[in-house]
Structure formats: C-alpha cells, structure tokens
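The next block holds one structure in the form of structure tokens; read it before the comments.
The values are calculated or read from the model by the stated rules, or taken from the named source; none is laboratory data. None of the values given here were measured: they were computed from a predicted structure. Glycine also receives a Cβ, built like all others from the backbone with ideal geometry; neighbour counts cover every protein chain displayed. Ligands, DNA and RNA are excluded from the accessible area calculation, which covers all protein heavy atoms including side chains. Shrake-Rupley method; radii C 1.70, N 1.55, O 1.52, S 1.80 Å.
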Amino acid sequence: MLGYDDKRNFFRMMVNSPCQLQIIDDESSRTLQAVCKDISATGMSLEVDEPSIEVGTQVSVSIDSTSSQIPSLSAVAKVVRCLPESDSSCIVGVEISEMK
C-alpha cells in the first residue's frame, strides 16, 4: 500500500485548526480552547491547555470553518487517550460518536 504502515481503518488529515472543546460532565460543564491536530472519519487528536482529561469523558468539539465552501464541524466524542505534552498541556485522542 505505498508505504502506508499506520494500521488504521481511515487516513488522518492534518489540520492544526483552533477549536472549542466542551467537557460534558454530570457535575459541571466547561469549555476549553484547543487545537485540532488531525482528524479522521472516526476520531481526532486535540492539543488542550490542561494537564490531563480523564479517559472516558464525553466531550463536544466545535471547529469553525474559515471558508464559506467548507462547513463548520460539530461532534460529540469520547476521550480514548490522554498523553501529557508538558506540565500544563496534553494531547487528547477522541473517538467521534455523533456528528451534528
């Protein structure tokens, strides 16, 4: 497959786009600024200015489009991975459960 060795079902598209991440929690709901690093048909990777976000947390992700020809994205997702990037930020992997 022409050097494709990343055993995934869908290719990832690198975007590096600012987005909003809303944590959906029974106790509280808060919105964080994030950067969407990459996106695929079933998930995305986000850089968040938080030390960590618990795996299993439900989130809502919104990415505004800067082009009139490309629609904005809004999705509900679940955190499946959280890797520390620095003392105050982390890379969060989310699995998309619903596109709005």
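Other residues whose C-beta falls under 12 angstrom from the C-beta of Asp87 contribute a net charge of -3, scoring Lys and Arg +1 and Asp and Glu -1. Rolling a 1.4 Å probe over the protein heavy atoms gives the chain an accessible area of 68 Å² per residue. Contact order for the chain, expressed relative to its length and based on alpha carbon pairs under 8 Å spaced 6+ residues apart, stands at 24 percent.
Please give the residues of region 22-49, grouped as numeric ranges, whose backbone N is less than 16 Å from a label point set 7 Å along the Cα-to-Cβ vector of Glu85. Output list for this probe position: 22, 32-39, 44-49.
Computed extension gain for Ser28 through Val76, at 0.36 nm per residue and net of the alpha carbon distance, reaches 15.6 nm.
The portion of the accessible surface of region 6-77 made up by carbon and sulfur, rounded to a whole percent, is 48 (1.4 Å probe; DNA, RNA and ligands excluded). Taking the square roots of five times each eigenvalue of the Cα gyration tensor of the chain, the equivalent ellipsoid has semi-axes of 22, 17, 13 Å, listed largest first. Among the protein heavy atoms, those of Asp64 account for about 120 Å² of accessible surface (1.4 Å probe, every chain in place).
In this rough spin-label picture, where each label sits 7 Å from Cα along the Cβ direction, the Ser52-Ser65 distance is 3.8 nm.
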